[in-house]
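S.K.: Sharing a structure with you now.
The values are calculated or read from the model by the stated rules, or taken from the named source; none is laboratory data. Not measured: the values here are computed from a predicted model. Here the Cβ positions follow ideal geometry from the backbone for every residue, glycine too, while neighbour counts run over all protein chains shown. Just the protein is used for accessible areas: all its heavy atoms, side chains included, with ligands, DNA and RNA removed. Shrake-Rupley method; radii C 1.70, N 1.55, O 1.52, S 1.80 Å.
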Amino acid sequence: MRYDGYRRADIPVRHSFRNTVLSGLHSAGWKAAPIPLGSRNNIIEVLMIDFIERPIDRQASTFLCRGIKEETGVLRTVVSLLSQAVGQGHVCLDLEEIAGQPVRIPGREEPLRLPGIANLLAALRSLPTVGRPGEHRPLILDEAGRLYLYRYFRYELQLAEAIRARAASEPGSPDEAALAASLDRYFGPDESGVDRQRQAALTALRRGFSVISGGPGTGKTTTVVRILGLLLEQTGGERMRIAMAAPTGKAAARLASSIASLRESLPCTEEVKRHLPDQVTTIHRLLGTIPNSTGFRHNARNPLPYDAVIVDEASMVDLPLMTALVTALMPQARLILIGDRDQLASVEAGAVLGDICRAAESSGSAVEGCVTVLERNYRFGDGSGIAALSRAINSGDAGEAIRLLGDPADGTIALEATPTRETVRKRLASPVLEGFRPYLEAETPEEALRLFERFRILTALREGPWGAAGMNHAVETLLHEAGLLKADAPFYRGRPVLVTENDYIHKLFNGDTGIILPDPETGNQKAYFAAPDGTVRSIPPEFLPAHVTAFAMTVHKSQGSEFDRVLMVLPPEDTLLLTRELIYTGITRARQAVTVWSDEAVFSSAVKRRTERRSGLREMLVNRQ
């Protein structure tokens with residue numbers, strides 16, 4: 001492990017840019033000392049950063065700054081920082097955050113101090129590759145000092161324009177008296193005026209664009225199914241063409257299962273129930289993926305043939321994909337997004353759902369009145385430790401979160417110190433044997449798949465002893481030693497697998513979880529997966545698309561999943577990858593109980609650290625165009 005030799009410099013800089021750069025350092029295997037935040041003027045004590053430039057960043061800066069004679073390398077450094085920022089999930093680079101920042105560049109004796117904001121803007125605008133909004137140049141610099149790669153600016157602009165137009169539309173003219181009677185039938189009379197589920201349904205029926213946000217157990221799926229019934233009733237049933245989609249195959253399967261289980265409870269006619277959509281697909285499949293292309297078969301020229309499109313787990317949808325979806329809708333089609341605004345943002349660039357929800361809080365914004373936040377929790381109950389803990393984490397109250405985790409009266413949540421490398425297997429033994437023994441002793445694939453969903457280990461990292469890879473290896477060893485499995489071949493009996501890429505031929509999608517088990521008839525190993533209709537299907541393991549072992553999985557990969565009990569493992573040292581959103585997402589994957597392995601200082605720091613993604617989408621939706 002190479003350690004930094006940074007020297008300190010006390011300069012003003014916003015926390016999000018430090019996150020962008022230092023996240024790159026961490027991903028490259030570097031290690032930085034903690035940086036204390038200042039209390040005034042957003043001043044932080046900053047370490048002199050040794051800029052780690054990825055090959056793609058270097059190529060981008062070389063190409064976009066070609067033909068420019070510049071001895072200092074300022075422009076190349078800024079363009080390279082933009083490329084790195086996009087790689088870290090930002091849509092753009094806020095130049096005010098880097099103006100005056102000292103950067104140490106490999107091969108250069110003295111650090112390069114970037115110029116002040118005025119000079120930096122002037123220098124960039126002198127580049128022939130930099131244009132203003134409305135111009136077609138490789139780089140776009142807007143009036144707010146945000147620097148974009150052109151295609152990301154175009155994505156953001158297209159998405160904002162499409163949402164603004166759809167939010168202003170009112171598809172159809174519902175009979176208000178009939179609608180009020182239907183709402184009473186589905187949700188009951190709302191004399192207090194605070195039934196958020198009813199409000200969400202009313203917005204979805206009246207507006208061309210709506211968002212339903214809420215944490216696990218707040219009734220998002222129940223509300224969606226009722227909206228489906230209301231839409232079909234209001235529009236004559238057969239004439240309403242509805243598509244249901246989700247970012248991953250697993251999320252799609254869960255939504256399909258929920259619709260099937262709630263169908264019969266709807267207070268509507270059998271005819272309406274028959275016309276409820278029973279298929280939920282991935283967004284990529286809905287749009288029609290074109291092999292070896294970033295485009296889709298359905299687009300503005302060939303729109304999707306639906307009157308309404310509903311997208312679940314929308315927080316996982318990145319900027320390019322959401323733009324492709326919205327621009328592929330017919331002008332009169334409704335778009336309803338469902339998700340948790342407090343969860344982790346998409347893995348790729350953007351935080352679209354969060355930006356939309358924040359924009360809706362501004363008076364006069366294009367999406368004002370389009371977003372409904374469900375707050376009442378039907379799963380955990382008022383006295384639930386998980387519910388109280390998730391509220392403390394969302395508010396950034398690390399002290400209250402730690403107090404709750406340390407309360408011996410609540411046996412559903414606990415905080416335990418991260419074990420050392422020497423003791424990790426000993427500490428894992430009890431939860432692993434208790435959590436995984438039932439599915440390994442199951443008699444049928446159906447039972448094994450059901451029991452496997454009771455327990456999971458979640459990690460913040462992919463690699464290393466505290467990451468998913470290290471945890472999976474430790475669990476395999478423990479279960480092997482206990483005689484519950486024999487990990488002597490790639491596809492051993494009982495191996496759980498997590499699919500990491502879409503395979504349309506075998507109908508397996510990123511996020512699907514299966515188990516390797518012998519075929520009851522032939523004895524040959526098969527990979528068994530739960531189908532959306534509740535049945536179980538299998539394929540030869542040799543046909544599996546890219547996959548990993550799934551005793552442990554990253555919190556990112558766990559989105560859209562729920563388990564009875566969760567063990568969340570954080571590394572013993574703080575890292576900028578640990579954020580409030582990651583902790584919240586991991587905690588709320590548990591239905592009944594969660595244990596967190598972390599030192600208090602690391603956990604506290606993570607709860608206080610928010611994920612901030614730089615973009616201009618919120619401003620585009622707020623400001624009048």
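S.K.: Can you list the residues, at least 5 places off or on another chain, whose amide H is less than 5 Å from the amide H of T459, using H built in the peptide plane?
M.R.: Placed amide hydrogens put M553, T554, V555, V569 under 5 Å from T459.
S.K.: Here is a follow-up. Grab the beta carbon distance between E562 and D519, set R0 = 25 Å, and tell me the FRET efficiency rounded to 0.05.
M.R.: According to the calculation, E is roughly 0.30.
S.K.: Additional query: Of all alpha-carbon pairs in the stretch 422-510, indicate the percentage at a distance above 16 angstrom.
M.R.: Value for the stretch 422-510 (Cα pairs over 16 Å): 60 percent.
S.K.: Need one value: the accessible area of S395 in square angstrom, 1.4 angstrom probe, rounded to the nearest 10.
M.R.: 80
S.K.: Just how many % of Cα pairs in the stretch 303-384 lie over 17 Å apart, if you round to the nearest whole percent?
M.R.: Result for the distance tail: 56 percent.
S.K.: Could you tell me the convex hull volume per residue, in Å³, taken over the Cα atoms of the chain?
M.R.: Taking the convex hull of the Cα positions in the chain, it is 177 Å³ per residue.
S.K.: Whenever you get a sec, compute what percent of the accessible area on the stretch 292-428 sits on carbon and sulfur atoms (1.4 Å probe).
M.R.: Accessible surface attributable to carbon and sulfur in the stretch 292-428 totals 47 percent.
S.K.: Kirkwood hydrodynamic radius, computed over distinct alpha-carbon pairs, for the stretch 260-344: how many Å, to one decimal?
M.R.: After inverting the mean inverse Cα-Cα distance, the result is 14.7 Å.
S.K.: Also, quick follow-up: Taking all protein chains as present, what is the carbon and sulfur share of the accessible area of the stretch 144-230, in % to the nearest whole number, probe 1.4 Å?
M.R.: Of all accessible area on the stretch 144-230, carbon and sulfur atoms account for 48 percent.
S.K.: Can I ask one more? For a quick check of understanding: with a 1.4 angstrom probe and all protein chains in place, what accessible area in square angstrom does R207 have, to the nearest ten?
M.R.: Accessible area, nearest 10 Å²: 60 Å².
S.K.: Restricting everything to alpha-carbon atoms, can you work out Rg to Rh for the stretch 479-617 with a Kirkwood hydrodynamic radius?
M.R.: Computed over Cα atoms, the ratio is 1.05.
S.K.: Restricted to Cα positions, what overall size does the stretch 559-625 have along the principal axes? Three whole-Å values, descending.
M.R.: In descending order, the Cα extents are 48, 27, 12 Å.
S.K.: Using alpha carbons only, what's the Rg to Rh ratio of the stretch 87-157 with Rh from Kirkwood?
M.R.: 1.01
S.K.: If you don't mind, there's one more thing I want to ask. Can you compute the helix-only [θ] at 222 nm over the chain? Use -39500 (n - 2.57) per DSSP H run of at least 4 residues, normalise by all residues, nearest 500 deg cm²/dmol.
M.R.: -11000 deg cm²/dmol
S.K.: Another one. Give me the Kirkwood hydrodynamic radius of the stretch 223-379 in Å, from all C-alpha pairs, to one decimal place?
M.R.: It works out to 16.6 Å.
S.K.: Averaged over every viewing direction, what's the projected area of the C-alpha convex hull for the stretch 441-561? Give it in nm², one decimal, please.
M.R.: For the stretch 441-561, the mean projected area of the Cα convex hull comes to 7.6 nm².
S.K.: Follow-up question, since we're still on this one. To the nearest 10 square angstrom, what accessible area does V352 show with a 1.4 Å probe?
M.R.: The accessible area of V352 comes to roughly 0 Å².
S.K.: Counting only heavy atoms of the protein chains, get the accessible area per residue of the chain (1.4 Å probe) and round it to a whole Å² value.
M.R.: Averaged over the residues of the chain, the accessible area is 44 Å².
S.K.: Expressed as a whole percent, how much of the Cα-Cα distance distribution for the stretch 160-310 exceeds 25 Å?
M.R.: 32
S.K.: Which of G188, L124, L498 sits closest to the plus end of the dipole of the chain, meaning its Cα is farthest towards the positive end, when Lys and Arg get +1 and Asp and Glu get -1 on the C-beta?
M.R.: Going by the charge dipole, the pick is L124.
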